[in-house]
Amino acid sequence: MIIHLPDLSGAILITFLVFARTGAMVMLLPAIGEQTIPTPVRLVLALAISLALTPVVTASYHDTQPATTMALVLLIAKEITAGVLVGAMARIIMSALQVAGTLIATQTGLAYAQTFDPTQGQQSAEIGNFVTLLATVLIFATNLHHLAIGAVAGSYALIPPGAALPTADMAELTIRLVSGSFALGLQLAAPFLVFGFAVSAAIGLLQRLVPQMQVFFIAMPINILAGLFLLMLLVGSMMTAFLNFYSSQMAHFLS
């Protein structure tokens with residue numbers, strides 16, 4: 001059977017376009033879009049979301065009947081771009097935890113292994129992996145992953161099918177979100193930076209008072225243990241701040 005792209009119309013065309021937007025989003029979403037998730041699983045999930053959204057967004061495609069193959073290709077490219085925007089925004093939000101985790105690991109001395117990393121940068125600091133996995137579990141536990149699905153439906157109001165892409169607004173949103181995520185990462189790691197400064201000052205003073213003492217071998221275990229204890233005390237507040245940021249930023253896509 002041969003399918004001619006210009007002949008696609010009606011419900012089949014709308015479902016195909018919704019799948020293009022939804023599939024691009026699912027492939028980039030945190031947790032769901034990771035390489036460890038089998039591709040068939042992600043495709044089935046994207047198809048299921050597309051079938052559920054198609055009746056809701058059908059009215060948005062009333063003036064998008066392509067007349068030529070090139071028009072259909074451009075329409076699909078716009079749909080994929082809209083899906084990539086939503087998925088990339090969620091990925092950028094999660095990067096705040098990697099920033100915070102890397103700063104925490106560096107300050108507490110748990111990132112020294114990256115100096116001689118045999119994976120050539122393919123793995124990040126363990127603290128970053130821990131807080132990222134914890135935040136992902138909490139997103140699903142608190143049903144905040146529904147915001148990502150709602151963001152796809154809301155993107156039809158921000159980026160209507162067939163309309164010109166709002167590149168200026170997209171660039172502004174990306175810049176604001178990147179800066180906000182980086183600022184959040186610094187805020188989450190701020191207590192550890194202050195703690196690290198205090199420990200470094202104390203070690204420097206001890207080194208001046210007792211020059212013959214090997215303060216490095218004394219300070220390193222204390223620094224790690226105190227950092228882990230501080231993380232135990234603050235991890236709840238850190239996750240609360242992140243979830244509030246995640247929900248407020250993803251709500252921008254909701255109609």
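Coordinate-derived values only; no laboratory data. Everything quoted here is computed from the prediction, not taken from an experiment. Here Cβ is always computed from backbone atoms with ideal geometry, including for glycine, and neighbour counts include all displayed protein chains.
Computed from Cα atoms, the angle from the helix 126-141 axis to the main principal axis of the chain rounds to 50 degrees. Computed extension length for Val235-Met70: 54.2 nm, one decimal, from 0.36 nm per residue of separation with the Cα-Cα distance subtracted.
Counting every other Cβ atom within 10 Å of each residue's Cβ, His252, His145, His62 order from fewest to most as His62, His252, His145. In this calculation the C-beta distance from Ala168 to Ala201 is compared with R0 = 45 Å, giving a FRET efficiency of 0.45.
Take every pair of alpha-carbon atoms less than 8 Å apart whose residues are at least six positions apart; their mean separation over the length of the range 5-253 yields a relative contact order of 25 percent. Residue order for Tyr246, Tyr156, fewest other beta carbons within 10 angstrom first, comes to Tyr156, Tyr246.
Compared with the alpha-carbon gap, the fully stretched path from Leu138 to Gln187 is longer by 15.7 nm at 0.36 nm per residue.
When the chain is modelled as a GNM with alpha-carbon springs shorter than 10 Å, which of Gln107, Gln214, Gln187 fluctuates the most? Looking only at Gln107, Gln214, Gln187, the largest GNM fluctuation is found for Gln214.
Shown for Met70, Met170: other C-beta atoms within 10 Å of each C-beta, ranked fewest to most, produce the order Met70, Met170. [x] -0.35, -0.61; [y] -0.29, -0.55; [z] -0.21, -0.43: which one is log10 I(q)/I(0) by the Debye sum over Cα atoms at q = 0.07, 0.10 Å⁻¹ as calculated from this entry? Read-out from the structure maps to [x].
Rounded to the nearest 10 degrees, the angle from helix 39-57 to the longest Cα principal axis of the chain is 60 degrees.
Let's see if you can work this out: charge +1 on each Lys and Arg Cβ, -1 on each Asp and Glu Cβ, no other charges. What is the dipole magnitude of the chain about its Cα centre, in debye to the nearest 20?
Working: 6 positive and 8 negative charges, 70 e Å.
The calculation lands at about 340 debye.
In the chain, the longest principal axis of the Cα atoms and the axis of helix 69-108 are about 10 degrees apart.
Working out 0.36 nm times the residue gap between Val56 and Ala11, then minus their Cα-Cα distance, what length gain in nm do you get to one decimal?
Result: 15.0 nm gained on full extension.
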